[in-house]
Amino acid sequence: MNGGSPASAVYRRRDFAFFGLARFLMTAAMQVQSVAIGWQIYDMERSALALGLVGLCQFLPMFLLTLPAGELSDRLNQRRVLSASLLLQGLCSALFLGLSLAGVRSAWMFYAVLVLFGAGRGFSGPAGQSLLAFLVPPEKLARGIAINSSIFTTAVIAGPAVGGFVYAYGHAITYSICVGGFLAAAALIAVLGGRRYERPASTITAMARVIEGVRFVRERPVLLGAISLDLFAVLLGGATALLPIFARDILHMGPEGLGLLRSAPAAGAAVVALALAYRPIERGTGFKMFAAVAVFGLATVAFGLSRDFLVSLVALFVLGASDMISVFIRHALVNFGTPDGMRGRVGAVNMLFIGASNELGEFESGFTAALFGTVPAVILGGLGTLGVVAIWMKLFPPLRKVDRLDEVKAV
């Protein structure tokens, strides 16, 4: 550690570097694919509800599989679970490639593959959430989370931008990039080392272990408050699901414009993540999480009201920056407050609330846009997020009063 910054000292660890590269590749592949699928489905159906169904098709298998996947990650090797799930996601990208090359114009076949893709994400989420704590020493965990977040957000920036520009050259190259990204990530995860958790023999059933993980979160108001706050913020403020409509019909841009719009939140998140990697939040963390979610709601409203492309980009940039603050705090609270033997199951609860809620939020956005119109749906979602912040501050005072992250100890 001599002669370098703390951030670079964490990065030099081989397993953390491999994990970071894998996280970049899998996330970038997912973002490229998301741009392509969103544009294809909207081009076929020209319906906000059709875009919402993209999220619903992924949410349903994630909802059913995430908690059992968390128990599986605690009982088996997280590396193998994550690697296998990435192989499945790569297979789904190959199926999208085949459907596109065959000239299929029926959306339901794409929806069917999205269900399978959601199943893969249902297994990858808990395994990926629980793995980081085994790759870095406990004293470097907060900084490792921040660096990992910056890697993630860099991929979320690059992925949509690449997807938007590459999609203009055809389906084959777009989905081929996705297949390569998922397969390379699977190979990197498969060779990870890192600290191992000695799993004690257990006589309780798998279902009882799943319930044990849910009960662990429910009995800790700081964890439950942090996870559920992000759930409702994402559920109500899911403006990104409607970006193909904003790009094509409101801001009058092509797929390149859609790629830039999807990258803007990640650009804001990347700036904050890089800052957190060198100066993590140390004091007033609970209040700062509530403030960040409130800014997220305000930025959502501003985006819904905008008719200028640059103003929309700025609003999405602020949205992503504020979201990264709340994501960092939530992720840190979950990691500091969870013992090794529960990481997979608690990570599964976290992913069920947050990861699956992204897809359910997409469906909610598409459904409300079909009922009230695209712009009113986004504005109402932002206002709803502000309401959730006010209610949660009253419901979860222990979360509001958290000062330092290390106050939340794993027990």
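None of the figures in this text is laboratory data; all of them are computed from the coordinates on show. Fair warning: this is a prediction, and the values are worked out from it, not measured in the lab. Neighbour counts are summed over all protein chains in view; Cβ atoms, including those assigned to glycine, are modelled from backbone coordinates with ideal geometry.
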- Query: Fully extended, how many nm does the chain gain between Arg14 and Phe165 (0.36 nm per residue separation, minus their Cα-Cα distance)?
  - Reply: 51.1 nm
- Task: Calculate, in whole percent, how much of the Cα-Cα pair population of the stretch 36-193 lies beyond 25 Å.
- Result: 35 percent
- Between the modelled labels at Glu139 and Leu305 (7 Å from Cα along Cα→Cβ) the distance in nm is 4.9 nm
- May I ask you to list the trypsin sites (Lys or Arg not before Pro) in the stretch 97-194 that are in a DSSP loop and have at most 15 other Cβ atoms within 10 Å of their Cβ? Arg105
- Message: Connecting C-alpha atoms closer than 10 Å in a GNM of the chain, tell me which of Gly90, Gly320, Gly387 has the biggest fluctuation.
- Response: Gly387
- Message: Which residue fluctuates most in the GNM of the chain (Cα springs below 10 Å): Asn335, Asn77, Asn148?
- Response: Asn77
- Task: May I ask you to compute the full-extension gain from Lys394 to Arg215, defined as 0.36 nm times their residue separation minus their alpha-carbon distance, rounded to one decimal in nm?
- Result: 62.2 nm
- How much length is gained on full extension from Ala291 to Arg404, taking 0.36 nm per residue of separation minus their Cα-Cα distance? 39.1 nm
- Message: If I model a spin label at Met109 and Ala187 as a point 7 Å from the Cα along the Cα→Cβ vector, what separation in nanometres do I get?
- Response: 3.0 nm
- Item | Inter-part distance where the stretch 88-130 and the stretch 272-298 are each reduced to a Cα centre, Å | 33 Å
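Given N residues in the stretch 94-187, what is Rg(Cα) / (2.2 N^0.38 Å)?
1.35
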- Task: Counting other beta carbons within 10 Å of each Cβ, put Tyr169, Tyr42, Tyr278 in order, fewest first.
- Result: Tyr169, Tyr278, Tyr42
- Projected area, mean over directions - the chain, Cα convex hull, nm²: 18.4 nm²
- Message: For a quick check: sort His171, His252, His331 by the number of other beta carbons within 10 angstrom, fewest at the front.
- Response: His252, His171, His331
- Message: Along the charge dipole of the chain, pointing to its positive end and built from +1/-1 on Cβ of Lys, Arg, Asp and Glu, which listed residue (Leu53, Phe96, Ile189) has its Cα farthest out?
- Response: Ile189
- Item | Estimated distance in nm for a label pair at Ala208 and Phe63, the labels positioned 7 Å out from Cα along Cα-to-Cβ | 2.9 nm
